[in-house]
Amino acid sequence: RHTRSGPQSRGLGDVYKRQDPTAVAINGINTLIRDAGGDGNTAVVFMHGNPGSGADWHSIMPRVAAFSRVLAPDMPGFGRSEKPADFNYTVEGYATHLDALLTQRGIDKAHLVLHDFGGPWGLAWASMNPQKVASLTLVNIGIMKGYRWHYLAKLWRAPLIGEFFMATTTRAGFSLLLKHGNPRGLPKAYLDEMFDNFDRGTKRAVLKLYRATSQLGEAAQVFHEALSPLDLDTLVVWGKRDPYVPYKYAERQKETFPRASVHYMEDSGHWPFIDNPARFEEIVLPHLASVCGA
């Protein structure tokens, strides 16, 4: 643990920051995109959540790029993408931005890897573009029938309280908050990088997004009706110590995706690809290689 505060942590921080992203204008918004693995029109698309970025996937991306094109954007309001006050910070707004992004990059088919709020963004896009979705990998997220907001979301959704909470968040408090429910711990470099990106624009994006989304459960039926007829190849990976999205929702994904393969990571939390990347890749890489025909 002590080495995390020394040179090794600086090297790891460089890894999180050094993803060779390209800034492109998507509907007038500068959006950072990590695009690797060739120029085919089919890609594995990694979608981060709140408060992440495309760099969340730094470990697995190069390995997937060995057999498929890979995209990992920083969505508006997050990471190092532009964070305009007038962006449509709703699930529909993000799905529309994702559609424009994939069109701009020439992607006709997407193997979606979704985490946290990347789940509803990606599932909304897939529901609007069923002919373009090739497979799903759901990481601590999915079609959330009956889901109710976790305690942090309730704070963010409350007027004034949310603003006060954001304004008083310190680096130490932020790190402690994100370590909650992650018994394996999260690397200091990862937490530092996330906090560095958690600026005024991201705080505003988070408040707007959560306040515009009454409950994830309300969209579940729409997603179910749109996607269940597709019988998609689906992998579900869930850190069982997640305090925000309970693992009971993992098996429920089979109600929409009957052929889904469900894997639990017993001592991982909400970010299993960060707190145990080796095990996460053991589960996910064979699935992605298979659906990509590698």
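The values are calculated or read from the model by the stated rules, or taken from the named source; none is laboratory data. Just so we're clear, the structure is a prediction, and the values are computed from it rather than from any experiment. Please note: Cβ atoms are built from the backbone with ideal geometry, for glycine as well, and neighbour counts cover all protein chains shown. For the accessible areas, the whole protein counts, side chains as well, though only heavy atoms, and no ligand, DNA or RNA atoms are used. Shrake-Rupley method; radii C 1.70, N 1.55, O 1.52, S 1.80 Å.
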How much space per residue, in cubic angstrom, does the convex hull of the C-alpha atoms of the range 35-169 take up?
-> 123
State to the nearest 20 debye the size of the charge dipole of the range 172-236 about its Cα centre, where the only charges are +1 on K and R beta carbons and -1 on D and E beta carbons.
-> 500
CD proxy, 222 nm, the chain: helix-only mean residue ellipticity via -39,500 (n - 2.57) per DSSP H run with n ≥ 4, per residue, nearest 500, stands at -11500 deg cm²/dmol
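Could you check how many percent of all C-alpha pairs in the range 113-196 are farther apart than 20 Å? Intermediate values should be presented prior to the final figure.
Details: 1843 of 3486 pairs.
Of all Cα-Cα distances in the range 113-196, 53 percent exceed 20 Å.
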Could you state how much accessible area residue 282 has, in square angstrom rounded to the nearest 10, with a 1.4 Å probe and all protein chains kept in place?
-> 120
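Taking all protein chains as present, what is the carbon and sulfur share of the accessible area of the range 239-280, in % to the nearest whole number, probe 1.4 Å?
Values: 830 of 1800 Å².
Using a 1.4 Å probe with all protein chains present, the range 239-280 comes out at 46 percent carbon and sulfur.
Please give the charge dipole size of the range 47-172, origin at the Cα centre, charges +1 on K and R Cβ atoms and -1 on D and E Cβ atoms. Round to the nearest 20 debye. List each step's numbers first, then the result.
Details: 12 positive and 9 negative charges, 65 e Å.
Computed charge dipole of the range 47-172: roughly 320 debye.
Tell me, what is the FRET efficiency for residue 199 and residue 148 to the nearest 0.05, using R0 = 25 angstrom and their Cβ-Cβ distance as r?
Numbers: r = 29 Å, r/R0 = 1.17.
Here the calculated transfer efficiency is 0.30.
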Cβ-placed point charges (K, R +1; D, E -1), dipole of the range 149-294 about Cα centre in debye, nearest 20 = 600
Flagged links, alpha-carbon separation over 18 Å, of 154/203; 154/248; 145/248; 179/240; 188/248 | 154/248; 188/248
Using only the alpha carbons of the chain, determine the length spanned along each of the three principal axes and report them from longest to shortest in whole angstroms.
-> 46, 42, 42
Principal axis dimensions, the range 229-290 - Cα atoms, whole angstrom, descending = 34, 26, 13
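Computed FRET efficiency, Cβ-Cβ of residue 254 and residue 290, R0 22 Å: what is it to the nearest 0.05? Present the calculation step by step, with values, prior to reporting the outcome.
Numbers: r = 19 Å, r/R0 = 0.84.
Taking R0 as 22 Å, the efficiency between residue 254 and residue 290 is 0.75.
Between residue 86 and residue 109, what is 0.36 nm times their sequence separation minus the Cα-Cα distance? Round to one decimal in nm. Could the numbers behind the result be given before it?
Values: separation 23, 0.36 × 23 = 8.28 nm, distance 2.96 nm.
Contour length minus the Cα-Cα distance gives 5.3 nm.
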Could you please put 213, 42 in sequence from largest to smallest accessible area, using a 1.4 Å probe?
-> 42, 213
When the accessible area of the range 73-113 is computed with all protein chains present and a 1.4 Å probe, what percentage of it is carbon and sulfur?
-> 47
For the range 190-230, max minus min Cα coordinate along each principal axis, in Å, sorted largest first?
-> 42, 23, 12
Give the Rg (one decimal place) followed by the Dmax (whole number) of the range 153-294, computed from C-alpha coordinates and expressed in Å.
-> 17.5, 51
